[in-house]
Amino acid sequence: MTAGLVWFHRWLGIATCLIFAAWFASGAILLFQPFPSLGKADAVAMAEPIAAGAVQVSPAQALALADKDATGLRLVQRAGAPAYLAQTAKSPIVIDAGTGARLGPIEAAQAESIVAAAGFRVARVDGPFAYDQWIVHNQFDPVRPFFRVNLRDGAGTQLYVSAVTGEIVQRTTFSERAWNWGGAVLHWVYITPLRSSFVAWDQTVWWLSFVAMLVAVAGTILGIVRTVAVKRAGRPGLSFFRLKWMRWHHLLGLFASVFVLGWILSGWLSMDHGRLFSRGQATPAEQARYAGIPLGRSVSGISASFAGTLPGAKTIGFVSIGGVPLLAVAGREGRAALFMTDGDPLDETARGRILRAALGAAWPDTSIGAPRVPSRSDLYVLAEGMPESAVQYRLGEGIWVYVDTATGGIVTVMNASRASYAWIYYALHTFNFPGLSDRPLLRKIVVLLPLLFGFLFSITGVVIGYQRLRKSMRRNHPIGATR
């Protein structure tokens, strides 16, 4: 068995040693420079307010003109005019809120005007195109293609405008793009041709991480076996290797193996996507019971003049919670809040009553605890990227449901499986443990030290692999040999 592990670790280690080194180095960059993103509130803040007086089509009419089976409906200001966005299984269907006509994609000049209306100076507009390095994530799939708008500023800022919805959905700067080539792009294997297909990227990175984990497991076992053999032979030290790089690889591996194994395991689990653990989502049946009524029924009583009761609104979403039709409205600063369909704000008492009734309908015969506002440094909040407006409800034993009080949507269903995933993947991979998550500087130091050891350990593997390959090539093709 040991001979088999040696062969496996030697040759698979040669194939993966550079990958290990790249993961540790890029992980250190990611600690300081995350992948570029544009928060929802910031995106909405850039949008134009809805011209309420131009809305002549009711939400029910827009839904009928788009697709009665649409799963969502929003009203936005699109390229200078109000429009409904009806979300379907593929991409939104756009309905002119003034005429009821279906609208096609916007043009480059309109994308430029959208960015200019947000107060930016435009240098150049590129596109439309479906993919580039900074909009490769599948979350952007429903609103492709995009225009990339280059701004006249010192930061080299680029804004991405969806040609479908007319919304600004991504923002990058020159510094972010430069650092991310050695950070997130390398760490997550975010190569555009590969990442543009979620299935291909998911399978590739999952298997690559799995093989790397097996290499680390084999190396850890061999390192322990070799050290035990040294002690049994009564020899001094922890390693019998005489060659410098082999000795360093063995010794560093003994001390770095716990971190390397934990980090590779948790990195592999980042690609779980429901394979072993819960995805933390409500089932379609639970979502339907939570809503109480279908979308078409929830908008049936809203007239075309409703937008006039919400001055300054930049986006209006139509939702139902526990059978109560509501409006999720985001205003000038981009922050959303729930309103009644007559334009009155939903007060906290009424909101709490509606949410509890909806949760009781979604999970019947289950006790519902009092709402609790989680800390921003809470492990589950960080792991799921929850908004500040999220509140936690305990359902029976072992289930916590997080609800966004700004939109009424279910953020996460934190059952035992999902909670375990948060600890094994997120906490183990990012060191966002209680006590460190609210001390960012200390956490970065604690993460950087094992990353450094892991990188140095990987470099010894790179050197050993290079030496072994060179030796193998010389043996198979000696100098002066004839063909």
Pairs where the first residue, in region 396-421, is at positive phi and the second is of a type in the set (A, V, I, L, M, F, W, C) and buried (at least 19 other Cβ atoms within 10 Å of the Cβ), C-beta under 7 Å, 6+ apart: GLY408/VAL319; GLY408/ILE321; GLY408/LEU326; GLY408/ALA328; GLY408/LEU338
Count of residues meeting criterion [surrounded by 21 or more Cβ atoms within 10 Å (Cβ to Cβ) and small (Gly, Ala, Ser)] in region 383-410: 3
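Residue by residue, here is whether (1) among the hydroxyl-bearing types (Ser, Thr, Tyr); (2) surrounded by fewer than 22 Cβ atoms within 10 Å (Cβ to Cβ); (3) in contact with a Gly (Cβ under 9 Å, 6 or more places away or on another chain) holds:
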residue	(1), (2), (3)
PHE318	no, no, yes
GLY331	no, yes, yes
PRO371	no, yes, yes
LEU379	no, yes, no
THR412	yes, no, yes
Single condition ILE354 does not satisfy, out of (1) closer than 25 Å to ALA288 by Cβ; (2) surrounded by fewer than 19 Cβ atoms within 10 Å (Cβ to Cβ): (2)
Hits in region 127-140 (condition: surrounded by 15 or more Cβ atoms within 10 Å (Cβ to Cβ) and free of Cβ contacts under 8 Å to residues at least 40 places away in the same chain): GLY127, PRO128, ILE135, PHE140
Helices (runs of 4 or more DSSP H) contained entirely in region 185-302, each with at least 1 residues that are among the hydrophobic types (A, V, I, L, M, F, W, C) and open to solvent by 50 Å² or more (accessible area, probe 1.4 Å): 198-232, 244-269, 284-291
Tally of residues being closer than 19 Å to ARG297 by Cα and over 25 Å from the mean Cα position of the chain (by Cα) across region 319-354: 15
Out of ILE50, ILE29, sole residue that is among the β-branched types (Val, Ile, Thr), modelled with pLDDT of 95 or more, out of contact with any Cys (no Cβ under 6 Å at 6 or more places or on another chain) and surrounded by 20 or more Cβ atoms within 10 Å (Cβ to Cβ): ILE50
Residue check for ILE410: within 26 Å of MET340 (Cβ to Cβ) and of a type in the set (Val, Ile, Thr): yes
Qualifying positions in region 6-19 - open to solvent by 40 Å² or more (accessible area, probe 1.4 Å) and either in contact (Cβ under 8 Å) with a residue 24 or more places away in the chain or closer than 23 Å to ALA184 by Cα (or both): PHE8, HIS9, ARG10, LEU12, ALA15, LEU18, ILE19
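Do we have ASP342 as crowded, with 18+ Cβ neighbours inside 10 Å and of a type in the set (Asp, Glu) here?
On the way: crowded, with 18+ Cβ neighbours inside 10 Å: no; of a type in the set (Asp, Glu): yes.
No, not satisfied.
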Given (1) open to solvent by less than 60 Å² (accessible area, probe 1.4 Å); (2) among the aliphatic types (A, V, I, L, M); (3) on the phi < 0 side of the Ramachandran plot, number of the condition LEU103 does not satisfy: (1)
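Can you spot a residue in region 161-178 that is farther than 30 Å from ALA47 by Cα, without any contact (Cβ under 8 Å) to a residue 24 or more places away in the chain and open to solvent by 70 Å² or more (accessible area, probe 1.4 Å)? Write out each step before concluding.
To start, the set of residues in region 161-178 that are farther than 30 Å from ALA47 by Cα comprises none.
No, every residue in region 161-178 fails to be farther than 30 Å from ALA47 by Cα, without any contact (Cβ under 8 Å) to a residue 24 or more places away in the chain and open to solvent by 70 Å² or more (accessible area, probe 1.4 Å).
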Number of positions in region 402-414 that are within 18 Å of GLY274 (Cα to Cα) and in contact with a Leu (Cβ under 8 Å, 6 or more places away or on another chain): 0
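Just to be sure before I move on: is VAL115 assigned to a helix (DSSP H, G or I), open to solvent by less than 40 Å² (accessible area, probe 1.4 Å) and in contact (Cβ under 8 Å) with a residue 40 or more places away in the chain in the structure I sent?
On the way: assigned to a helix (DSSP H, G or I): yes; open to solvent by less than 40 Å² (accessible area, probe 1.4 Å): yes; in contact (Cβ under 8 Å) with a residue 40 or more places away in the chain: yes.
The answer is yes for VAL115.
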Matching residues, region 160-184, being in a helix (DSSP H, G or I) and of a type outside the set (A, V, I, L, M, F, W, C): SER175, GLU176, ARG177, ASN180, GLY182
Total residues in region 419-435, condition hydrophobic (A, V, I, L, M, F, W, C), open to solvent by less than 30 Å² (accessible area, probe 1.4 Å) and under 19 Å from ALA28 (Cβ atoms): 1
Per-region count, region 32-43, residues farther than 30 Å from LEU436 by Cα and either among the charged types (D, E, K, R) or surrounded by fewer than 16 Cβ atoms within 10 Å (Cβ to Cβ) (or both): 0
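Looking only at residues that are of a type in the set (S, T, N, Q) and touching a Gly at 6+ places or on another chain (Cβ under 8 Å) in region 78-124, which one is nearest to PHE318 (Cα to Cα)? Talk me through it step by step, then tell me what you get.
Here is the first cut: in region 78-124, the ones of a type in the set (S, T, N, Q) are 87-88, 91, 99, 110, 113.
Within this subset, residues satisfying the condition of being touching a Gly at 6+ places or on another chain (Cβ under 8 Å) are 87, 110, 113.
On the way: GLN87: 11, GLN110: 26, SER113: 27 Å.
Restricting to residues being of a type in the set (S, T, N, Q) and touching a Gly at 6+ places or on another chain (Cβ under 8 Å), the top hit is GLN87.
The values are calculated or read from the model by the stated rules, or taken from the named source; none is laboratory data. Not measured: the values here are computed from a predicted model. Counting neighbours? That spans all protein chains shown, and the Cβs are built from the backbone with ideal geometry, glycine included. Heads up: the accessible areas ignore ligands, DNA and RNA and are worked out on the full protein's heavy atoms, side chains in. Shrake-Rupley method; radii C 1.70, N 1.55, O 1.52, S 1.80 Å.
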